[in-house]
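Please read the structure below before turning to the comments.
The values are calculated or read from the model by the stated rules, or taken from the named source; none is laboratory data. Only a predicted model underlies this, so the values are computations on that prediction, with no experimental measurement involved. Cβ placement follows ideal geometry from the backbone for every residue including glycine, while neighbour counts extend to all protein chains displayed. Ligands, DNA and RNA are excluded from the accessible area calculation, which covers all protein heavy atoms including side chains. Shrake-Rupley method; radii C 1.70, N 1.55, O 1.52, S 1.80 Å.
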Amino acid sequence: MKRRTFLKTAGVAGILAAGRAPAFAQGTKLHIVRWVDFIPEADVELKRQAPEASKALGAEVTFEFINANDLQPRITAAIQSGSGADIIQMLWNWPQLYANALVDVSDVAEPIGQAQGGYYDVFNASAKVGGKWLAVPHGCGGNAVAYRRSWFNEIGVKEFPKTWDEYREVGKKLKAKGKPVGQALGHSFGDPPVFAYAFLWDFGGAEVDASGKKVAINSKGTLESVKFLQAFWKDACDEGGLAWDDTNNNRAFHAGEICSTNNGASIYIFAKRNPEKIKDERGEPMWRDIQHFAIPAGPNGPTPLYVTAFSHALMKYSKNQPAAREFLKWLHSKEQFGKWFEVENGYSVGATTFWESHPMWEKVDDALKPFRLAPRGSRMFGYAGAPGAKAAEVYSKYIITDMYAKAVQGMSPEDAVKWAEGELKKVYEG
């Protein structure tokens, strides 16, 4: 470390320890852009923390919350114009896609990871590029199938389906009663690709081989998965899901229009926190009837759970980088993150293993406990290769999601797979 850098770092640490704001931050304004959380109270908590951060750092901290589907256009516009928010939330492996525009924040991320039991592997794959942390990991959104327990019981299902074949039979019976499975399959950041990629893997399919260079989508496993979904969609699903984003299935579930849907914990948490608003057909609070089960297993057995990785990136164009670094340290500390983590109540879990043992898990409802270990062993886009920029591009273009969407709209499974193969080759082999 250069002498000047050491003195500056040591000086900042000393000032913060003394409870005074760093001199370099005086008059500085920090702008942070994040998604609108599916747990509204979590955004309220961050807004509450903003004045505390401002006081601690001597910089005016402002959060801006936007629709998650608007994050990528916002990032692109900021990079192209060379101006915008100092810190922007990254989803999935976006740090790989925007690597040239992000600051190396290894000096911030490494100590946090070491102090909190180490990051989950999904973050080494998504936020670390070329051995450098280009975003500070923040949390993970786990996924499972939320379902109406009483509706399943009505058709004699006392245990949740463990395979797709079993789930199809359940869905057939419930759709016949006007209570179909709900699955988003439109162009939206979370639920459609989470479902599509996990479904592909469940049947042994993959977008590329282990080298990450050769497209491998046109396989027996992929074709079988497309054929199965084509039938499953017709037999069991609300066919309007082709136009759904990440909010539609939540609303349909709470409205009593669907029996189940692949989602995070937000459906349950929102229903419990709004019992007067979210009721079942008997006028009772719906949350009591909501449970979760793991995404069913395919022919090759169960696939590792799939999580949404959240991180915070510092933009290269920012003129407030020293203050932004100190803010990231502050926001991701055990003290500050812990308050937000408890409000999330299992919807977004920690980026490090430390949070698995938080006392909150002893108090949450049984329906939420499956999300505790969700990040363990999770895969990322690009399997069986590495989750690099090309994998992020494939995700951003919804190629895997659209392969299934085309098939359920009537394209033959063979043609849908061939279409996806052509699109993937443009990215990976072009």
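Restricting to the stretch 233-251, and then to whatever is more than 20 Å from the chain's Cα centre (by Cα) and farther than 15 Å from P192 by Cα, can you tell me which residue is least open to solvent (accessible area, probe 1.4 Å)? Result: A236. Among the residues of the stretch 259-271, those identified as within 27 Å of V343 (Cβ to Cβ), open to solvent by less than 30 Å² (accessible area, probe 1.4 Å) and touching a residue at least 60 places away in the same chain (Cβ under 8 Å) are S260, T261, N262, N263, G264, A265, S266, I267, Y268, I269.
Take the conditions (1) open to solvent by 10 Å² or more (accessible area, probe 1.4 Å); (2) under 23 Å from S396 (Cα atoms); (3) of a type in the set (G, A, S); (4) touching a residue at least 40 places away in the same chain (Cβ under 8 Å); A77 misses just one of them, which is (4). Scan the stretch 151-159 and tell me whether some residue there is of a type in the set (K, R), over 22 Å from A265 (Cα atoms), without any contact (Cβ under 8 Å) to a residue 40 or more places away in the chain and open to solvent by 10 Å² or more (accessible area, probe 1.4 Å). Within the stretch 151-159, none of the residues are of a type in the set (K, R), over 22 Å from A265 (Cα atoms), without any contact (Cβ under 8 Å) to a residue 40 or more places away in the chain and open to solvent by 10 Å² or more (accessible area, probe 1.4 Å). Candidates in the stretch 289-298 are the residues that are out of contact with any Ser or Thr (no Cβ under 9 Å at 6 or more places or on another chain) and not aliphatic (A, V, I, L, M); of these, the one that is surrounded by the fewest Cβ atoms within 10 Å (Cβ to Cβ) is Q291.
Tally time: how many residues in the stretch 346-388 are aromatic (F, W, Y) and under 15 Å from the mean Cα position of the chain (by Cα)?
Kept after step one, since they are aromatic (F, W, Y), are these residues of the stretch 346-388: 347, 354-355, 361, 371, 381, 383.
Cutting the leftovers down to under 15 Å from the mean Cα position of the chain (by Cα) gives us 347, 371, 381.
Counting residues in the stretch 346-388 that are aromatic (F, W, Y) and under 15 Å from the mean Cα position of the chain (by Cα) gives 3.
Within the stretch 312-335, the residues that satisfy the criterion of being in contact with a helix residue (DSSP H, G or I) (Cβ under 8 Å, 6 or more places away or on another chain), in a helix (DSSP H, G or I) and open to solvent by less than 10 Å² (accessible area, probe 1.4 Å) are A323, F327, L328, L331.
Output the residue which, of all residues in the stretch 382-399 that are hydrophobic (A, V, I, L, M, F, W, C), open to solvent by less than 20 Å² (accessible area, probe 1.4 Å) and touching a Gly at 6+ places or on another chain (Cβ under 9 Å), is farthest from S126 (Cα to Cα). Give the derivation first.
So in the stretch 382-399, the residues hydrophobic (A, V, I, L, M, F, W, C) come out as 384, 386, 389, 391-392, 394, 399.
Next, only the ones that are open to solvent by less than 20 Å² (accessible area, probe 1.4 Å) stay: 391-392, 394, 399.
Within this subset, residues satisfying the condition of being touching a Gly at 6+ places or on another chain (Cβ under 9 Å) are 391-392, 394.
Details: A391: 10, A392: 9, V394: 14 Å.
Looking at residues that are hydrophobic (A, V, I, L, M, F, W, C), open to solvent by less than 20 Å² (accessible area, probe 1.4 Å) and touching a Gly at 6+ places or on another chain (Cβ under 9 Å), I get V394.
Only a single criterion out of (1) open to solvent by 40 Å² or more (accessible area, probe 1.4 Å); (2) part of a helix (DSSP H, G or I); (3) within 24 Å of M411 (Cβ to Cβ); (4) not small (G, A, S) is not satisfied by N218, namely (2). For the stretch 89-105, taking the residues that are part of a loop (DSSP other than H, G, I, E, B), among the hydrophobic types (A, V, I, L, M, F, W, C) and at pLDDT 95 or above, the one that is surrounded by the fewest Cβ atoms within 10 Å (Cβ to Cβ) is identified as V103. Does A309 satisfy being in contact (Cβ under 8 Å) with a residue 12 or more places away in the chain, crowded, with 21+ Cβ neighbours inside 10 Å and in contact with a helix residue (DSSP H, G or I) (Cβ under 7 Å, 6 or more places away or on another chain)? It is true that A309 is in contact (Cβ under 8 Å) with a residue 12 or more places away in the chain, crowded, with 21+ Cβ neighbours inside 10 Å and in contact with a helix residue (DSSP H, G or I) (Cβ under 7 Å, 6 or more places away or on another chain).
Name the pairs whose Cβ atoms lie under 8 Å apart, with the first residue in the stretch 106-133 and within 23 Å of Y306 (Cα to Cα) and open to solvent by less than 40 Å² (accessible area, probe 1.4 Å), the second of a type in the set (S, T, N, Q) and in a helix (DSSP H, G or I), and 6 or more positions between them or separate chains? Close Cβ pairs satisfying both conditions: Q116/T353; G118/T353; Y120/T353; S126/Q96; V129/Q96; W133/S106.
Under the condition of being farther than 15 Å from A144 by Cβ, open to solvent by less than 30 Å² (accessible area, probe 1.4 Å) and either of a type in the set (A, V, I, L, M) or assigned to a helix (DSSP H, G or I) (or both), the residues counted in the stretch 344-381 number 7. Every condition in (1) under 30 Å from L331 (Cα atoms); (2) surrounded by 17 or more Cβ atoms within 10 Å (Cβ to Cβ) is met by N274 except one, and the failing one is (2).
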